[in-house]
Every structure is written in structure tokens, then in C-alpha cells.
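Structure record follows, encoded as C-alpha cells.
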Amino acid sequence: MRVVELEARHVRVALRRKVTHASHVRTETDNVVVRCKLSDGTTGYGEGVPRDYVTGETIDFALDLLKRSDLAKQLNTDTENFVQAVHLAERIKLAASPEDDRKILGNAARCAMELAVLDAFGRAFGEPLTRVTELVAPELYKFRDRVQYSGVIGNPRGWKKRLYPLVYRLAGFSQVKLKVGIEGQDDVKRTKIMRRWLGRKIDLRIDANEAWSPTEVTARIQELEPLGITSVEQPVRHEDVACLAAVRKQVKTPIMLDESLCGAVDAERAVQGGWCDLFNLRLSKCGGFIPSLRLAQFAKRHNLGYQLGCQVGETAILSAAGRHFATSVADIRYLEGSYDRHLVWESLAVEDLTFRRSGWAPALIGSGLGFKLDQARLDWVTKRKETLLG
């Protein structure tokens with residue numbers, strides 16, 4: 001069995017509400033969706049979410065990169081079982097860019113391609129993506145039949161400042177992430193309000209999205225520590241990330257890297273520099289399912305923690321991939337994703353993969369990604385198509 005067709009699409013999906021954080025304000029998302037067809041007719045899909053302020057990718061760059069990569073040559077091999085398919089997916093490489101010293105330019109595009117290949121072969125051989133974890137990172141493999149996702153609070157206004165945390169509390173969520181560093185907002189005042197309405201039992205962490213300067217970051221974290229925050233995500237710009245080695249010695253709260261943790265080079269530099277305590281693994285920005293597993297392995301070897309994050313605007317394709325990661329990888333500190341019907345107008349799935357009350361969601365046990373894609377909805381949101389093979 002082999003890959004006989006590859007197609008990439010630009011899909012534009014409207015968000016149900018405006019999403020605001022320190023780096024960006026977003027009302028829609030431009031994603032890349034790849035379709036992979038095998039010689040037996042089995043079809044799989046993958047998705048990436050290009051963000052120029054994370055991995056340097058735009059949607060046009062991602063599609064053009066896929067077009068100029070030698071994918072036909074790389075995937076032109078007979079595959080007899082799922083083990084071989086996983087090896088094939090891990091070897092996928094997109095055209096290199098000389099200026100990309102972090103080796104992350106194209107991660108969203110690669111994620112879409114890798115997931116499409118894994119989904120197609122998983123369906124053909126009757127294997128779910130959780131099997132990838134068992135094959136690639138057996139020391140991390142721990143299957144769970146359900147997982148609990150975190151709540152996220154961005155920049156609610158007026159009465160919603162109290163409603164959102166109260167809803168999470170009454171619904172039984174155990175973790176909530178609060179976006180801070182938003183221009184014009186008082187972080188201490190906002191966090192106090194959130195903590196008051198969330199209560200003391202809920203694990204509250206903050207995400208600054210690169211908002212603070214090296215000269216102020218320590219003070220900003222210290223003034224929020226009395227409110228019981230459990231981690232601080234990406235407090236400074238990537239260009240300033242080296243300052244976090246000193247910051248970690250002055251604060252009690254663990255530091256998590258996000259925009260500064262997109263691949264193996266970033267991980268190695270972070271460990272060598274002593275910049276963080278936690279990695280935020282997001283499948284799209286990290287290059288796919290298998291590269292994210294490799295980063296989790298690396299973190300584990302160096303006594304660092306990790307969370308599974310998500311990109312704003314993921315459809316059911318990435319939600320499903322994240323669910324397989326979440327239900328098969330041990331020791332995930334925090335879990336984000338599966339916000340489908342709460343955030344996007346078109347999830348692209350026949351089924352509803354959104355987490356349920358209290359953030360709980362069941363494992364997906366079907367072959368491949370384990371859900372049925374809604375072809376009509378995919379066609380509706382498609383803005384551009386490119387044939388890569390076939």
C-alpha cells in the first residue's frame with residue numbers, strides 16, 4: 001500500500017467570539033488541511049494552524065512550502081503495516097530555509113502532512129493514533145479512557161469577568177488558564193477577581209503571550225504569586241528568553257515556554273540556558289504528533305514538565321489528534337483543546353468532539369483520527385486548493 005494522492009487546502013473558519021491576548025486579536029483562522037489518499041482508496045486528513053508570530057508561517061507560505069517539497073519522492077514507498085507507516089511519517093521533511101536556524105519554519109505545514117499520512121494509514125491498518133505513542137515513545141505510553149481539559153479565560157468585559165470563572169467553578173473544572181499582559185488591563189486586579197470567583201481549589205495558571213519586558217517580568221510574576229498561580233507561560237518575547245534564567249532564581253512560580261519552544265533546537269537551548277521548568281507542546285507549532293512526542297521525551301529526560309496546548313481555531317482534525325495525544329501520553333501537567341463548538345463555527349466533523357461538562361472528554365478509539373470528516377463543510381470553508389501528488 002502506498003500514497004497515491006496528496007491535496008492541500010487553505011480553509012478559513014470564523015470564530016464564535018473574538019479572541020484577545022497580548023500578541024494578537026483574532027475573529028477567524030486560516031488553516032491548512034491536507035488530504036492523503038492511499039492506493040486502496042483509504043483517505044486521511046491532517047491540519048496545521050500557521051501563525052507568523054509563532055513559527056513564521058502564513059497560510060500562503062505553508063501551501064507554497066508543501067508544493068516545493070519533494071513529498072512525492074519521500075512517500076513513494078510500499079508500506080506493509082502500521083509500524084512502517086509511522087516510520088514513514090516521522091521521516092517527512094519539508095524544504096529547508098537557510099535563514100531558519102531554529103528549524104521550525106514550516107512546522108504547521110508539516111503537522112498537516114504528517115497527520116494526514118498517519119490518519120490514512122491508521123484507517124487502512126485499523127490502528128488509532130494512540131498506537132503511535134506506544135510505538136514511538138513506549139516509556140511515555142499510558143492509555144486513559146478519558147481526560148479532563150482546562151478552561152481558558154481571555155479578556156472578558158463587564159459582568160462576564162465574574163460569569164466566566166463562576167461557570168468554570170460550578171461546572172467542576174479543575175484547571176483554568178488566564179491570559180494576562182493585555183494592554184490597558186490591570187493584571188493584579190483581574191487575577192484577584194478571577195481567583196475570588198474560581199475559588200481556591202481550582203488550579204490557576206497564567207499566560208502572558210510575550211507581554212512583559214526583561215526589566216519588569218520578575219516584578220510582574222511576584223505580584224501575582226500571592227494569588228496562587230501555578231505556572232507562568234511565555235512571559236517575555238522570544239528574543240528576550242535568555243533573561244528567564246535569572247528570573248527563575250527570583251520567583252517561586254514555574255516558567256513555561258510556548259512561542260520559544262517550537263522544536264528540538266529550542267528545547268536544547270532552553271535546557272542548556274536553564275530558561276524554563278515546563279514545555280508547552282502544541283501539535284501544529286511543534287511540527288506534528290511525533291515531533292511533539294520527541295519533545296515530551298526530551299523534557300522527561302531533563303526533569304522538565306510539559307503540557308499539551310492547542311492553537312486558537314483548531315478544527316476537529318487537530319482536536320482529535322490532540323485527544324489521542326492526551327489519552328496516551330503520561331504525566332501531562334495541563335491539558336488544552338477540544339474547544340470546537342465553543343470557539344469555531346465549522347468544526348469539520350460529523351460528530352461533536354467538544355469536551356463535556358467539567359472538561360471531561362472520552363478517548364477516541366476508532367481507526368486513524370477516529371472521527372468522520374464532513375466533506376461538505378470542508379468544501380464550504382475552502383479558499384484555495386493545491387494538488388501535491390496525483
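Every number in this text was worked out from the coordinates using simple rules, so none of it is lab data. Small disclaimer: the values here were computed from a predicted structure and weren't measured. Here the Cβ is made from the backbone with ideal geometry for all residues, glycine too, and neighbour counts use every protein chain on show.
3J(HN,Hα) along the stretch 371-385: 8, 9, 6, 8, 4, 5, 5, 4, 4, 4, 9, 6, 10, 7, 10 Hz, from the Karplus curve 6.51 cos²θ - 1.76 cosθ + 1.60 with θ = phi - 60°, whole Hz, x for Gly and Pro. Length gained on full extension, residue 380 to residue 365, computed as 0.36 nm times the residue gap minus the Cα-Cα distance: 2.6 nm.
Go through the stretch 314-352 and name the GluC sites (Glu not before Pro) that are in a DSSP coil and have 16 or fewer other Cβ atoms within 10 Å of their Cβ. Filter output for the stretch 314-352: 351. In terms of overall dimensions, the chain has a Cα radius of gyration and Dmax of 20.1, 60 angstrom.
For residue 103, the lysines whose Cα falls under 22 Å of its own Cα, not counting residues fewer than eight places away in the same chain, are 67, 73, 93, 285, 300. Only helical runs count toward this figure. For the chain, summing -39,500 (n - 2.57) over DSSP H runs of n ≥ 4 and dividing by all residues gives -9500 deg cm²/dmol at 222 nm. When only the Cβ of Lys, Arg, Asp and Glu is charged (+1, +1, -1, -1), the dipole of the chain relative to its Cα centre reaches about 1600 debye.
Going by a ≥ b ≥ c, the root eigenvalues of the Cα gyration tensor, does the stretch 135-362 fall in the rounded group (a/c under 1.5), the prolate group (a/b larger than b/c) or the oblate group? In terms of gyration-tensor shape, oblate. Across all directions, the shadow cast by the convex hull of the stretch 10-106 built on its C-alpha atoms averages 8.2 square nanometres.
This model, with +1 at the C-beta of Lys and Arg and -1 at the C-beta of Asp and Glu, gives the stretch 135-362 a dipole about its Cα centre of some 1020 debye. Pairs from the list 161/201; 18/385; 201/252; 142/252 with a Cα-Cα gap above 22 Å: 18/385; 142/252. Only Cα pairs within less than 10 Å get springs; with that Gaussian network setup on the chain, which residue of 251, 232, 86 has the largest fluctuation? For the chain, modelled as a Gaussian network with Cα springs under 10 Å, the answer is 251.
Counting neighbouring beta carbons within 10 Å and listing from fewest to most, the residues 113, 256, 194 come out as 194, 256, 113. Put in line by how crowded their Cβ is, counting other Cβ atoms within 10 Å and starting with the fewest, 142, 201 read 201, 142.
Only one residue of 345, 257, 194 has its Cα farthest out toward the positive end of the dipole of the stretch 135-362, where Lys and Arg carry +1 and Asp and Glu -1 on Cβ, and that residue is 194. The residue 26 and residue 196 beta-carbon pair, evaluated with R₀ = 30 Å, returns a calculated FRET efficiency of approximately 0.60. Considering only the other residues whose Cβ falls under 15 Å of the Cβ of residue 201, what net charge follows from Lys and Arg at +1 and Asp and Glu at -1? Its environment carries a net charge of +4. Once the chain from residue 99 to residue 58 is taken as fully extended at 0.36 nm per residue, the excess over their C-alpha distance is 13.1 nm. Listed by chain and number, the aspartates and glutamates whose C-alpha is less than 17 Å from the C-alpha of residue 189, apart from same-chain residues fewer than 8 away, are 207, 223, 225. Diffusion coefficient of the stretch 187-249 by Stokes-Einstein, Kirkwood radius over Cα pairs, 10 °C, 1.306 mPa s: 130 µm²/s.
Exposure proxy ranking for 134, 57, based on other Cβ atoms within 10 angstrom of each Cβ and starting from the fewest, stands as 134, 57.
Taking the charge dipole of the stretch 135-362 about its Cα centre, with +1 at Lys and Arg Cβ atoms and -1 at Asp and Glu Cβ atoms, the residue from 321, 217, 167 reaching farthest to the positive side is 167. Pairwise alpha-carbon distances in the stretch 329-375 exceed 14 Å for 59% of all pairs.
The aspartates and glutamates whose alpha-carbon is closer than 12 Å to the alpha-carbon of residue 372, local same-chain residues fewer than 8 away aside, are 119, 351, 352. Going by a ≥ b ≥ c, the root eigenvalues of the Cα gyration tensor, does the stretch 25-71 fall in the rounded group (a/c under 1.5), the prolate group (a/b larger than b/c) or the oblate group? Verdict is oblate for the stretch 25-71.
DSSP beta bridges confined to the chain are antiparallel in about 60 percent of cases.
Charge tally for residue 363 (other residues, Cβ to Cβ under 10 Å; Lys, Arg +1; Asp, Glu -1): +2.
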